[in-house]
Every structure is written in C-alpha cells, then in structure tokens.
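I have a structure I would like to understand better, so I am pasting it below and will then ask my questions one at a time.
The values are calculated or read from the model by the stated rules, or taken from the named source; none is laboratory data. Here the structure is a predicted model, which means the values were calculated and not measured. Cβ sites come from the backbone with ideal geometry, for glycine too, and all protein chains shown count toward neighbours. For accessibility, only protein heavy atoms count, side chains too; no ligands or nucleic acids. Shrake-Rupley method; radii C 1.70, N 1.55, O 1.52, S 1.80 Å.
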Amino acid sequence: MLYIELIRLWDEAVQAIDRRDWQGALTKLNQITEHNCRTMFVVASTHIALGQLDLAIKALDQAIAKDCCLAVGFFQRSAVHMMANKLEEALSDCIWAQKYMRENPVIDYKQLGLRYKLYTWQVLYNAAAIHSRLQQWDRARDILQAASEERGAGRSNLIGTALEAISRREVLEPLLVPEGDVFRPRKQEVDQLKPRDFLGEAKVITSLIPNDDFRGFDPLRPQKPGYYEPKVVEGQDSRYMMMKSAYVAKGAGELTVPAGAEVFVYSDDDKDGLAVVIYDGKRGLVPNFLLEPMGKKNKGKFKRIELANGIPHPPALKPPNRPQCPSQRSLEKCSVMLRDAELHPSCACDTHTSPPATSNSTRVPTQQAQTSPQDYGSVVVKVHYTCTMALRVPLETPFRDLQEKIAQKLGQPVTNIRLRHRRHGTRVLTPLNGDDGLDSLEGVAESGRAQIWCQNEDPLANRTILYQMVALYDYNAQGPEDLEFGEGDTIDILSEVNEEWLEGHIAGKIGIFPRSFAHRDTESISGASTD
C-alpha cells in the first residue's frame, strides 16, 4: 500500500485511541495491509484495552518479528503473558528485554513516536512478579533488592511496597505501558496529509461587470457567444446594444457615452424615455432613442475589432516541389571528385573554386580521371581505424606489405596491427592472414576499391581461433575475467567453457562471456592464427 495511506490510517487510529474509541481504532488498523513494528504495537495495545489477550500476544509476536531488538515489545509481551498465566514465556521475555536494554538504565522511545521511558528496574520488577506467582519468594526478594539499586523515576516507593508484599507472601501485579501510550506517526508526515494551495486564491482586480466576484474558470460562467452577461432582475430583458451618437450626461444618474460604444441594457422601460445601461463598469441612464441593436451594419460602421471564433483555417500554401534527381553524368563526376579529394586533399579546393566554363570542359577532366594511366593495376584502400583514411596501392600488393604501410601511416608497430575484411552476406570481420586462400588485394577489391578494418591489439601466442561470432548486444564486464564488447563487434572464439559460456578475444583482450550475447555468422576457420 502507499505510504501516505499508511500514515493516514495510522493517524486516524491514534485519534480514535485518544477518544478511547478502541473498536474504531481497531477498525482503522485492520485496513492497513502492510504493517510495521510500531503499528503492530498499536494493534496490541488496542487488544489489551479490549481484554483480548490472545490477539494482543499475536500482535506483539508480529511486532517483535519485524524488530527483534525492540525491548519495550518484550517488556509488554512479558506482562501480557503474565496476565494470561503463561509464566515461562513471560520469564523468557523479561530475559530478552533485559538483554536488549544493553546495560542502559533507561531507553527513551520519544524519537520513535512513543512517549514512554523504559527503565531497567521495571524489567526486574516484572521478573520478580513472575517469581512471586511461582511461589519463589526468596528469588523475588533478591530481584527486587537488585532493582532498588537501579536508577529511575518512581522506583523507591514502588520497590518498597513490593518488598513488603513479598514479605507477606502476596503476588505482585505486572507493569505495563500505560493505556493510551502508543507509537504515533511523525507530526511532519501527518501535516503533509492536509491539502495545500500552492497557487493561492484568485482575486478580481478590475472588471467591466459591476460587483464581479467570480474567481473560477471562464467556461463555468453563464455566457453568450463573445460576451459575458451580468445577472439581471428576474423578469427583465437584457441585451447588448450600440450608441448611435455620443451622449453627454445632463442630470443625476445619467452616463456620458461616446458614439459607437457597446452598452449592456438592463431595462429600457422608463417613463422619461431613458434606459438603464452599464458602460465602463458604471450603471446609469441614457436616452432610449440613441440605442440600436448590434447588427452587421453598425459592426462595419465603427470598425469594431472582434476576435475570430473557432480554429482558423491553415494558410493556403502550395507544397514545395520534390528535388530533381541528378543525371547519371553528374553522379559520375561527383564520384570522381570525391575520390580525388580523398587521395589528393590539396587538389580538392581547386576543384571547387574553379567553375567550369562550359559543359564540355567539365566532361574532359572527368574522362581523364577515369582513364588515367595511374589507375590501371592499382586499388584505392579505405582503412577504418579510430579515424578513416584512404591510400592507393598496387592491386597485387601482399597483405604483409599492406600491413606495413598501414602501420607506418598509423605510427604503430606492425606486430600490433591486425587487418580484417568483411565477406559478402555476413557481418563478421575475417582476418587477412592468407589462411583463407587470399594472398593479396585481388580477392578483396571490387571496382578498384577495397575496405579494410584495422584493429590495434597485442599478438597472441599459441592460441587458435575456433570460429568467429558477432555481438548481438553490449556486454559490460562483471569481473576481471570477463570480456567486454559492444553490439556488432566481431569476437574470436578461442574455447568453449561450457554450454553457456565461451572464451573469446577482441582488440587484444581475452575473457569469457555468455554465449547468448553473440551469434555465429560464419563457417569454422579452424587453424587460423591470431598473430
């Protein structure tokens, strides 16, 4: 249940206890579905007041189960056990209460909401009362003498009376938390149950309507389209009208109204030919013959500005035309210019800044770029690293020489550089090490271009890649032995730990990871070395 609902029912139960309405308090407490130790103590106190000892013991059992160090709970249960003539249970509760006093002479429960102080001598007094019921008078007298040495308010008179009763072989009555003293919710939490008005109350500063004290929302007011109509005397007609010409007040109770002004007519039945109207928040008289109904003519005559009623229509704009696709010749030209810009950045600016004179002049450089002699027998290699770079190499360049050139460009040792390429129909990045029958770029390049992925990793010794898998999700390492990777990464599988875990290698790191986080997307490349 919601915590605010718990506080509300708890507070209502405590208020009922203050009125000594024990049954009403129990009704509120039974509506709480998730009790804590303090509310269960309140339930137990209510059952004790109603004389229901068995139910009180069950409630105290639940309170102690929720807080096993609640000394006042053991103290209260020892007294109830004593009242129910369960002396062994009562003596055990006294021992536990003494233990959780933790050698303190007193525990004040005010901070927890209970206005009660539990003293050590009170626990000892209940233990002496139990021994008196067991007819163990010497033991009871020794415990009372030990209690007399403890500190605490109200100790001397009660202990002295108890010693006299023991000498007369009289049974002692147990001590309880006083009736009505229960755990209460915090005052700050109870105050927050009351509704608060953070915005405040609206106040009418000025209005065209006399005695206007309305402070709600406009749709709640009686209204006509475009105007608010004040209340009138029952049986009278009321309407808005317009002044044909200006009128200057000449007597008491008359109004000065300019021409074209809108007035609210209360009544036009006057023996002197005057009508009662409201204008500018004032009520007065004007000649009836100067009023005319508000129609289309006078609306346009005085050029009154009115607000549009309803949602305006969208502007009449034509949708923009779709962009035209460039011609095939333009696409070929752009492709060549981009390739030249990648290979010769210094020439890129000249290409943009020198506009072509005619269409023929643009076609000639393009054809020359496509049929340049240096393009024959070479390939443009696009290398994906932390950044992307391009370089032109001969088509028959071995992978070992290509690896040395890329390592020299990146400033990395050749032994730490590993090249991969992506086969058709798969997301796996396959190593370029010659083991799959590919010795040069001829098996990788297409249309004079090739894409190579480069990874910076330390070489592995005496390890074999069983097969490769593609990561389906991100996996964050949970320990030093785990392998961390991101979605889409290619993982080299070095061994199978069990049916659910695999040992993999990626970017120079070796670790284990769950098999369900990756997908096998290629055939076995058994025997492929990792260096």
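Listed here are the residues, each with its yes/no results for (1) buried (at least 17 other Cβ atoms within 10 Å of the Cβ); (2) within 18 Å of Val177 (Cβ to Cβ).
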residue	(1), (2)
Ile4	no, no
Gln15	no, no
Gly24	no, no
Arg38	yes, yes
Cys69	no, yes
Phe74	yes, yes
Met82	yes, yes
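Is it the case that region 271-291 has a residue that's of a type in the set (Phe, Trp, Tyr) and exposed (fewer than 13 other Cβ atoms within 10 Å of the Cβ)?
Yes, region 271-291 contains at least one residue that is of a type in the set (Phe, Trp, Tyr) and exposed (fewer than 13 other Cβ atoms within 10 Å of the Cβ).
Another question about this same structure. Taking Gln52 as meeting all but one of (1) surrounded by 21 or more Cβ atoms within 10 Å (Cβ to Cβ); (2) free of Cβ contacts under 8 Å to residues at least 12 places away in the same chain, write down the number of the exception.
(1)
Do you know which of the residues in region 168-199 that are in a helix (DSSP H, G or I) and open to solvent by less than 80 Å² (accessible area, probe 1.4 Å) is farthest from Val80 (Cα to Cα)?
Asp191
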